[in-house]
1. I'd like to check something: does region 40-56 contain any residue that is surrounded by 14 or more Cβ atoms within 10 Å (Cβ to Cβ), aromatic (F, W, Y) and at pLDDT 95 or above?
2. Going by what's in this entry, would I226 be described as buried (at least 19 other Cβ atoms within 10 Å of the Cβ), part of a helix (DSSP H, G or I) and either touching a helix residue (DSSP H, G or I) at 6+ places or on another chain (Cβ under 9 Å) or not small (G, A, S) (or both)?
3. Does region 267-276 contain any residue that is touching an Asp or Glu at 6+ places or on another chain (Cβ under 6 Å) and either basic (K, R) or at negative phi (or both)?
4. Under the condition of being in contact with an Asp or Glu (Cβ under 7 Å, 6 or more places away or on another chain) and acidic (D, E), which residue from region 401-454 is modelled with the lowest pLDDT?
5. For residues that are within 26 Å of V373 (Cβ to Cβ), out of contact with any Gly (no Cβ under 6 Å at 6 or more places or on another chain) and either of a type in the set (F, W, Y) or modelled with pLDDT of 95 or more (or both), tally how many sit in region 325-346.
6. Which members of region 346-397 meet the condition of being in contact with a Ser or Thr (Cβ under 7 Å, 6 or more places away or on another chain) and over 23 Å from G418 (Cα atoms)?
7. Taking the criterion of being under 25 Å from F273 (Cα atoms) and in contact (Cβ under 8 Å) with a residue 24 or more places away in the chain, would at least one residue in region 358-366 satisfy it?
8. Taking the condition of being modelled with pLDDT under 95 and assigned to a helix (DSSP H, G or I), how many residues in region 303-323 meet it?
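The values are calculated or read from the model by the stated rules, or taken from the named source; none is laboratory data. Quantities reported herein were computed from a predicted structural model and do not represent experimental measurements. Cβ placement follows ideal geometry from the backbone for every residue including glycine, while neighbour counts extend to all protein chains displayed.
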Amino acid sequence: MSKVDRRRFLKHIGAGVALVGAATVGYYLYDKGLARRTGVAVPTITQTGTRVDYPPYADFKWKPHYLSPTDQQIIQFTNMSYDLGGDPLTSTWLVDNKVVSHEHNYSTKLPVGEHLIDLQVSDGRQTRVKSASVTVEPDQIYPTKPLYVRYKGISYFIGRMTPEWPTILTPTREEMDEQLDTIHDDLGCNAIILCGGKDDEDNMVECAKLAIAKGFQRVCVQPRYISANVDETIESIGRFAPKVRELRESSETVVYCVGHEFTLETNVLGDSFWERYQVLKQGGGYNRIRAALPEMFRRIIRVCNENYGYPITYASIPVYEHDLVPWSNPIFESVGVNVYIQPLVGQTKDWCINFLERVKRFGKPVHTTDWGVWSYEGADQYGGWSPLYGSGRAYDESPQRRYIEEYCNMLNKARIDGCYWIQYNDTLEIGHELYNPRTLKRKEGFYMYKSYERTV
């Protein structure tokens, strides 16, 4: 509430206090949302003579907020308290019941563990307190190891893209800002793929601007028009291209990744994502894929030349798609393949290394644009198929940690240019994401991926 609005509000209700009583006004304020949660009962409004004493409201927020801070991070506590009467407030910060500061805002590092944070605010007559518990995690739990890639990356989802993925939500601007910091500064990624659907294009652009400003060295903008038909997909890629072109003209770090696994995400093999997933799982649909994709890419190249004018890339399925993409065309600046270690279907570490060696024949940088597993017992045996086998499984972080270690060791032998874990953010506890969305604590996989530090 601005100072002008507050004065008008107080003038409007001031005369009525004597008639309706302080308690009634207090509940009126509370009901209208003017009182904030403070962890105490609705404050008492008192009247002495003609003076009405409006109590202060205590509130604060902290950053990092969307993931637990570590013992090496400075936690920034921002005071959001206010007084409806316009009285100046004094502030007292306490950590674990000890006074640490009388500044308006407060910043500090804290040791590993649970900490009680209290903010006391006073207008000289009444004091209110806001309390919160903050969990601090260790900065690292594994020794560091080299990772021989130029780009260490991760996928970041800007929106749900399809109702079939209900656990992926659209992050706020504040979430994007903090989570990109976590990915870049804490996880140690210098590259990112920004994924979104038709309704998320503007958010993808804004997120790309944030990523550029934060110093990411490779920012892939990847629209995913899931379950659209071929014509709709190509039209959308061409329509979105000028917005990506503006980003590219502002920074050479931007790359237009025109799609991801068209076999699964367009309607070539069926109307729903899971229907198409089952067709691939059963080993079918290859003739339809071979009939559709070459012409699809010819049209995509045309609309990108017309509307974008810079090199592009694509995230392909190795067995089904990689030989249908015209990688030798100059418009492709790199080869993107979603290579998974998947013992279930015979794709071992050696298989992955041999495959990646074969796609180097195009003479272009090679990126594994999609790899990862869910967080449940035995998930590392399924690789990319782990979402199909997650129903009813118990939460277990260790398969994800083992998978990351095995995959990064494979990358060190393959010697390619870049890799992108799928994915950073989700709300499904057993999912791909590298933190627990319920507790906001890092998974073992977070620490393992962080421990592989880029050396190229």
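1. no
2. Criteria not met by I226.
3. yes
4. Of everything passing the filter in region 401-454, D426 is modelled with the lowest pLDDT.
5. Qualifying residue count for the region: 7.
6. Once the filter is applied, which keeps residues that are in contact with a Ser or Thr (Cβ under 7 Å, 6 or more places away or on another chain) and over 23 Å from G418 (Cα atoms), region 346-397 yields A379, Y395, D396, E397.
7. To start, the set of residues in region 358-366 that are under 25 Å from F273 (Cα atoms) comprises none.
No, that holds for no residue.
8. Taking region 303-323 and keeping what is modelled with pLDDT under 95, we get 317-323.
Next, only the ones that are assigned to a helix (DSSP H, G or I) stay: 318-323.
Of the residues in that region, 6 qualify.
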